[in-house]
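S.K.: Encoded as structure tokens, here's the structure I'll be asking about.
Computed from the coordinates by the stated procedures, all read-outs in this text should not be read as laboratory data. Computed from a predicted structure; not experimentally measured. In this analysis, Cβ positions are derived from the backbone assuming ideal geometry, glycine residues included, and neighbour counts consider all displayed protein chains.
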Amino acid sequence: MAVQKSRRTPATRGARRSHDKLKKPALSVDPTSGETHLRHRVSPDGFYRGEQVVTQPDIIDDDE
């Protein structure tokens, strides 16, 4: 079984963990609808860079 030669110091441990932090997501606001969305992605209502790129499908009732 492997055994370490010397104990790692708290400073070395902290230096290693300094890169483990989480980054905040880059958010954008659509100029047309004002919705907040992730960068380079379509907003929930189908707009991208001020243009409608995805249309919402019409809901068809099977009961009628």
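S.K.: Report the local net charge at Pro44: Lys and Arg +1, Asp and Glu -1, summed over other residues whose C-beta lies under 12 Å from its C-beta.
M.R.: With Lys, Arg at +1 and Asp, Glu at -1, the neighbours total -2.
S.K.: If packing is taken as the mean number of other Cβ atoms within 10 Å per residue, what is the order of 9-16, 41-48, highest first?
M.R.: For the peptides 9-16, 41-48, the packing ranking is 41-48, 9-16.
S.K.: For the modelled label position 7 Å from the Cα of Thr32 along Cα-to-Cβ, which residues of segment 46-61 have backbone nitrogen atoms closer than 20 Å?
M.R.: 46-59
S.K.: One quarter of the convex hull surface, Cα atoms only: what value does that give for the chain in nm²?
M.R.: Answer in nm², one decimal: 11.4.
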